[in-house]
């Protein structure tokens, strides 16, 4: 499937904490971790936010 079409199938749930001015964004709909990492890096770059994947920092497993 085309990457642009795959990226359009991603959904986001946004949680706002008004008392701390914080935000948590949960993205869903990726094919695998490689797709997720590529999408997030592109999103952060386009937003002007410096970003380093946790996968680049450590080899800890993802816990949910």
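None of the figures in this text is laboratory data; all of them are computed from the coordinates on show. Every value quoted in this text rests on a predicted model; they were computed, and no experiment measured them. Reconstructed Cβ throughout: ideal geometry from the backbone, glycine too, with neighbour counts over all protein chains shown.
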(request) Grab the alpha carbons of the range 3-57, take their convex hull, and tell me the volume per residue in Å³. (result) 98
(message) Order these by the 10 Å Cβ neighbour count, fewest first: 53, 47.
(response) 47, 53
